[in-house]
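Shown next, in structure tokens, is the structure this report addresses.
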Amino acid sequence: SRTKSSATVSRNLNRFSTFVKSGGEAFVLGEVSGFVKDGDKLCVVLGPQGPEWQENPYPFQCSIEDPTKQTKFKGMKSYIAYKLVSSHTGQQVHRRYKHFDWLYGRLAEKFPVISVPHLPEKQATGRFEEDFISKRRKGLAWWMDHMCSHPVLAQCDAFQHFLTCPSTDEKTWKQGKRKAEKDEMVGANFFLTISVPTGSGAGLDLHEVESQVDGFKAFTKKMDESALQLNHTANEFSRKQVTGFKKEYQKVGHSFKCLSQAFELDQQAFSAGLNQAIAFTAEAYDAIGDLFADQPRQDLDAVMDLLALYQGHLANFPDIIHVQKGALTKVKESKRHVEEGKMELPKAEGIQERCNIISFATLAEINHFHKIRVRDFKSQMQHFLQQQILFFQKVTQKLEEALHKYDSV
């Protein structure tokens, strides 16, 4: 009996391990306790595809528009502010990138098994250039869509404060900011807030969970590789359209123009129609070159924006999986101790129960990721192909207009 009571599951000696830093280890070993308010509870429910986050009963969207340059300290400091309008309040607020950055930091710390989308990258120079501002706004719009679509993140107090606190009320903003920074339901305490299904049929099979998580790990690795390849291909193709294709089509146009100018030296009346038709063909090819140069803005850029967002998500999952794997390791260790007579069964069952909570949350997050991935890539591929069709219709129209000019020759 004395041997059993003194036996413990070993602690991870690497204090920089994600499992330790996230509080996952302390939680699984039963070293944390606390009172969780109803408002802090995060529910995992059993859906048709397995565990999933309980849906937000009041779904909403938020637009990001009108990036404007503003100043403070009597014009000494300049920054870009974005107008946010939430559909659930209709309220307008203005936020700077640094406010988004603060919010991201808070949420990434608070939710160790939720993939908080990465923000568009910072940039030291050219921050006020029109192209950069437009690209960042689009990136922030994708980020906001993923925040609002997540059943947990969308309802988080810090996010709601970010969306609703009036831009002009500095005092209320700082109070909400301090409250979020003092939030106790982070780290090990975060796992206490997760409520999972109970009763018959709600248990998780250890081997099945491990198999699902390993399958998802292989999936994310392959998706990351293919997203990287597609991003490189799209970037290269975009560059060719903006420079190479435009130049080549306009070179053809210039050659047709030279031919029409040569034909103009013939003063015969019946030549005039042909000369004009060839000159028009030259202009058509010149215009097609411009269409090629402008096209990536309509289709490929949007695909690359989406890929950038998903590469951020994919970068989050190794840590999320590491937390879950760490919990599974502790369960296996405790089972071995029970078999060897070094640990009492109730203690091992407690470890398994707490591991189940982390597994439920991880599987719910994986499920959510797949749902939004299907939604996003469906709509983006539809948009891409629609824009491609419109583009080739414009090209065809230019060529048909040129062709009809020869009818009267």
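No value in this document is a laboratory result; all are computed from the given coordinates. Everything numeric here is computed off the predicted structure, so don't read it as measured data. Here Cβ is always computed from backbone atoms with ideal geometry, including for glycine, and neighbour counts include all displayed protein chains.
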Calculated from backbone phi, Karplus (6.51, -1.76, 1.60) coupling profile of the stretch 167-183 in Hz, x at Gly/Pro
4, 8, 8, 4, 5, 5, 4, 5, 5, x, 5, 5, 4, 5, 6, 9, 3
FRET efficiency, HIS207 to HIS232 (Cβ-Cβ, R0 30 Å, nearest 0.05)
0.20
GluC sites (Glu not before Pro) within the stretch 304-368: DSSP coil, no more than 13 neighbouring Cβ in 10 Å
GLU340
Could you please state, rounded to a whole Å, how far the C-alpha centre of the stretch 325-349 is from the C-alpha centre of the stretch 274-307?
66
Assuming a viscosity of 1.002 mPa s and a temperature of 20 °C, what translational diffusion coefficient in µm² per second does Stokes-Einstein assign to the chain, Rh being the Kirkwood radius over Cα pairs?
84
At a Förster distance of 22 Å, what's the computed FRET efficiency of TYR79 paired with LYS171, Cβ-Cβ distance as r, to 0.05?
0.60
Once the Cα gyration tensor of the stretch 227-405 is diagonalised, semi-axes √(5λ) in Å
67, 14, 7
State the extension gain, in nm to one decimal, for the chain segment bounded by ARG336 and ASN56, taking 0.36 nm per residue of separation less the distance between their alpha-carbons.
96.7 nm
Just how large is the dipole of the chain about the Cα centre, in debye to the nearest 20, putting +1 at every Lys and Arg Cβ and -1 at every Asp and Glu Cβ?
1600
How big is the charge dipole of the stretch 227-405 about its Cα centre, in debye rounded to the nearest 20, if each Lys and Arg gets +1 on its Cβ and each Asp and Glu gets -1 on its Cβ?
580
In terms of Cα to Cα distance under 25 Å, which lysines are near enough to LYS257, apart from those fewer than 8 places away along the same chain?
LYS240, LYS246, LYS247, LYS394, LYS398, LYS405
Please compute the length gained on full extension between PHE263 and ARG375, using 0.36 nm multiplied by the number of residues separating them and subtracting their Cα-Cα distance.
34.7 nm
Given H placed 1.01 Å from N in the peptide plane, which residues other than close sequence neighbours of GLY47 have an amide H under 5 Å from its amide H?
GLU52
Fully extended, how many nm does the chain gain between SER271 and GLU31 (0.36 nm per residue separation, minus their Cα-Cα distance)?
77.0 nm
Step through the table entries LYS41/LYS110; LYS72/LYS171; LYS21/LYS330; LYS110/LYS347; LYS21/LYS325; LYS41/LYS179, compare each Cα-Cα distance with 20 Å, and write down the pairs that go over it.
LYS110/LYS347
Extending each Cα 7 Å along its Cβ direction at GLN386 and GLU349, get the distance between those two points in nm, one decimal.
5.6
